Amino acid sequence: MRFAIITKVVAALALLAGCATYDPAMLVNHGDLVAPYRLDSGDQLRMVVFGQDNLSNTYIVDQAGAISVPLIGNVSVRNRSTAEVANLVKAKLQKGFVRDPNVSIEVVRYRPFFAMGEVAAAGQYSFAPGMTVQSAIATAGGFTPRADKRFVKVSRRTGGEVETISLDMTDPIKPGDTLYVQERIF
């Protein structure tokens, strides 16, 4: 009887010891996770102008941050949401080209992010809105055994300049970010 109780206690302690190494991510409340996606170079958009098949097409945002739309020419889309771009295109089309256009724009393919350093599979990966450092690392196959899991260095283009910042696991990433997981010291 005592042996059965001792066995159950040892099994319970072993289960609890396994839980001690689990470090769940803290809850995050970042506005970036729920903010509308901002377009930039490399994004691929699908624009539908209802009833105007010749204007409905897939467009890639060029290095200048614009798309070239028939009839209205270049439309600057950098740092705008899809709803803002749809309203801009609608306003331009109403100026003598299409009466009461109904424009819909969606992102077909987001520009990628990059993962380097102590991740299982370094490389280029598709970005999804709301992505955090933790989900980006998981996309890259997770950490290697030598990885420093406390924070990640991120290189990000902001206002034409590249800056490097340290982010926690629950911080949001942005499209085009380069994540670098460093090797731990011990």
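Just a few scattered comments:
- Wholly enclosed strands (runs of 3 or more DSSP E) of region 109-186 bearing at least 1 residues of a type in the set (Gly, Ala, Ser): 113-117, 123-125, 152-158, 161-167
Yes/no per residue for (1) in the same structural domain as residue 67 (by TED's automatic domain parsing); (2) within 25 Å of residue 43 (Cα to Cα):
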position	(1), (2)
92	yes, yes
119	no, no
134	no, yes
139	no, yes
147	no, no
153	no, yes
162	no, yes
168	no, no
172	no, yes
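- Qualifying position, being within 29 Å of residue 46 (Cβ to Cβ) and touching a Ser or Thr at 6+ places or on another chain (Cβ under 6 Å), among 79, 87, 74, 102: 74
- Residues located in region 47-81, provided they are surrounded by fewer than 18 Cβ atoms within 10 Å (Cβ to Cβ) and of a type in the set (Phe, Trp, Tyr): 50
- Within region 163-182, the set of residues being more than 27 Å from residue 61 (Cα to Cα), in contact with a Lys or Arg (Cβ under 9 Å, 6 or more places away or on another chain) and among the hydroxyl-bearing types (Ser, Thr, Tyr) comprises 166 only.
- Subset of region 140-170 (residues that are under 19 Å from residue 111 (Cα atoms) and out of contact with any Ser or Thr (no Cβ under 6 Å at 6 or more places or on another chain)): 140, 154, 156, 157, 158, 159, 160, 161, 163
- Matching residues, region 98-117, being in the same structural domain as residue 51 (by TED's automatic domain parsing) and of a type in the set (Gly, Ala, Ser): 104
- When 183, 161, 106 are checked against the criterion of being more than 20 Å from residue 39 (Cβ to Cβ) and not β-branched (Val, Ile, Thr), a single residue qualifies: 183.
- Region 165-186 - residue that is modelled with pLDDT under 90 and more than 17 Å from the chain's Cα centre (by Cα) and, of those, surrounded by the fewest Cβ atoms within 10 Å (Cβ to Cβ): 186
The values are calculated or read from the model by the stated rules, or taken from the named source; none is laboratory data. Treat the numbers as computed from the prediction; the structure is a model and nothing was measured. Don't worry about glycine lacking a Cβ; one is built from the backbone with ideal geometry, like all the others, and counts go over all protein chains shown.
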